[in-house]
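Structure first, commentary second.
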Amino acid sequence: MARCRFAGPLLMGWLVLSVSAADWPQWRGLRRDGISLETGLLDVWPAGGPPQIWKAQGLGQGYAACAITQGRLFTQGQRGDHQFVLALDAAQGKRLWETPAGPAFLQDRGDGPRGTPTVD
């Protein structure tokens, strides 16, 4: 089962691209303070919650968080004997690419990567 949680970086660097308020390009967001720059958010959620826009499956095991910038969502997962980094289209959830990132991380507290890709 894929999980997306916030934790440590994969790639480090200065943000040299212009970012929008919706961008979350690294661990804990644009300024690494966990504060979103979004405006106009609801004060109260609808009774049934917000509508589901898309759902991704097959992302593998792990506790990796997501980085979002320029319409792409980046995260990590683990399947079989390797970890990987992947990118999804943030609007539709379509997988854009996936690449191996190292051997499997196996631990008694849960298997898989615990990092957050950082986009530079």
Two-site label geometry, ASP43 and ASP81: point separation in nm, points 7 Å out along Cα→Cβ = 5.8
request  = Compute the separation of the alpha-carbon centres of the range 70-96 and the range 20-65 and state it in Å as a whole number.
outcome  = 15
key: Ranked by how many other beta carbons lie within 10 Å on average, peptides 98-109, 25-36, 69-80 from highest   = 69-80, 25-36, 98-109
inquiry  = For the range 57-113, what does the relative contact order come out to in percent, with C-alpha contacts under 8 Å and a separation of six or more?
reply    = 32
ask   = Highest mean first, what order results for 37-50, 55-68 on Cβ atoms within 10 Å?
value = 55-68, 37-50
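Each value in this text was obtained by applying a stated rule to the coordinates, not by laboratory testing. If you're wondering where the values come from, they're calculated on a predicted model, not measured in any experiment. Virtual Cβ from ideal backbone geometry, glycine too; neighbours counted across all protein chains shown.
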